[in-house]
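Below is one structure, written out as structure tokens; the observations come after it.
The values are calculated or read from the model by the stated rules, or taken from the named source; none is laboratory data. Being a predicted model, the structure only gives us computed values, none of them experimental. Neighbour counts are summed over all protein chains in view; Cβ atoms, including those assigned to glycine, are modelled from backbone coordinates with ideal geometry. Surface accessibility is based on the protein's heavy atoms, side chains included, excluding ligands, DNA and RNA. Shrake-Rupley method; radii C 1.70, N 1.55, O 1.52, S 1.80 Å.
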Amino acid sequence: MKIKRKLFAILAMVLCIGALAGCAKQEEEETLDAQMAEAIVGSSETILENLAKEQDENVLIMIEQYEDDGNSTMVNALETWLNTKQEVGEFVQFESSSAVLADRQYVATVNAVFEKRPLEATIIYDKKGVIINMEFSPVYTIGENMGRAAVHTLIGMGTVFIVLIFISLVIGCFKYINQWEKKKTAAPASAPVPAPVPQAAVCAEADLTDDLELVAVITAAIAASMNTSTDSLVVRSIKRKSGAKWKRA
């Protein structure tokens, strides 16, 4: 019941903003009168203060309600608030607030002091005074911003150096890969090549084969030793045999 009462209070304030918006100047004019700006600032401060004091369980219930309505923008905004709340701590007081009319929307900026660090909240309304988005930005000191920038720089440079070292190692392994491929694709050892026949022996064999008289004599000698005629013998080649007995005759 407590959550419903708070929701009704916020809704009633939003409806008041909508009523004031209907009495404002024409939409074409990008100006905002003091009464309308005061209403938007008051509504925005109330919303931020209620969110800061609300329990996380109740915010989760609100997220479920927006999910049922299909309003993903408000779901993301409230989820962002839950993460931001842990960083800024408890609400202390408001520091400054303002409201402007931009792009046919009412934009309220609320600067508040929290327990751990300041916070800047931006709440955007449509021309009817309905909240369409909320943004929450913790305020960091110059030293904190420089420290965060230094950490991001170190992470980025470290990542670059790690990638470069990895690429260098890969390139260095290419020569070993090529050696392995050459060994794998090398042709098997070829069979031993027979020794070439001396040219002189070939010439001698050819000379002896072309000597018709020598062929006739050898044929006759073979026929006589075999007691047959030379007609049944055909001498196709004559080769010199080393160490033959006829050399010692």
With label points set 7 Å from each Cα along the Cα-to-Cβ direction at Q86 and Y140, the distance between them in nm comes to 1.7
Listed by chain and number, the residues whose amide H is under 5 Å from that of F94, excluding neighbours fewer than 5 places away on the same chain and using placed H, are V113
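For region 86-186, state which GluC sites (Glu not before Pro) are in a DSSP loop and have at most 11 other beta carbons lying within 10 Å of their beta carbon.
Numbers: sites: E87, E90, E95, E115, E120, E135, E144, E181; in loops: E90, E115.
Loop-located and lightly packed - E90, E115.
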Of I142, I165, I177, ordered by accessible area with the largest first and a 1.4 Å probe, the sequence is I142, I165, I177
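For V160 and E38, calculate 0.36 nm times their separation in residues minus their Cα-Cα distance, and state this gained length in nm to one decimal. Mind showing how you got there, number by number?
Numbers: separation 122, 0.36 × 122 = 43.92 nm, distance 5.14 nm.
So the extension gain works out to 38.8 nm.
Evaluate region 68-147: find the radius of gyration of its Cα atoms, find its Kirkwood radius, and give the ratio Rg to Rh.
On the way: Rg = 14.1 Å, Rh = 13.8 Å.
Looking at region 68-147, the ratio lands at 1.02.
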Quick calc: nm separation of the 7 Å Cα→Cβ label points for C173 and Q93 -> 6.5
Sequence order, region 93-110: Karplus ³J(HN,Hα) from phi using 6.51 cos²θ - 1.76 cosθ + 1.60, θ = phi - 60°, Hz rounded, Gly and Pro as x, gives 6, 8, 9, 7, 8, 7, 9, 9, 10, 9, 6, 6, 9, 8, 10, 10, 10, 10
Of every hundred units of 1.4 Å-probe accessible area on region 25-130, the number belonging to carbon and sulfur atoms, as a percent, is 43
Once phi for every residue in region 150-158 is put through the Karplus expression 6.51 cos²θ - 1.76 cosθ + 1.60 (θ = phi - 60°), the whole-Hz ³J(HN,Hα) values, with Gly and Pro written as x, are 5, 5, 5, 5, 4, 5, x, 5, x
Measure of exposure for F94: accessible area at 1.4 Å probe, Å² rounded to 10, is 60
Whole-Hz Karplus couplings 3J(HN,Hα) for region 74-82, θ = phi - 60° and coefficients 6.51, -1.76, 1.60, Gly and Pro as x, run 6, 4, 5, 5, 6, 5, 4, 4, 4
In whole percents, the bins of 10 Å from zero upward hold the Cα-Cα pairs of region 15-174 as 10, 29, 26, 17, 9, 6, 3, 0
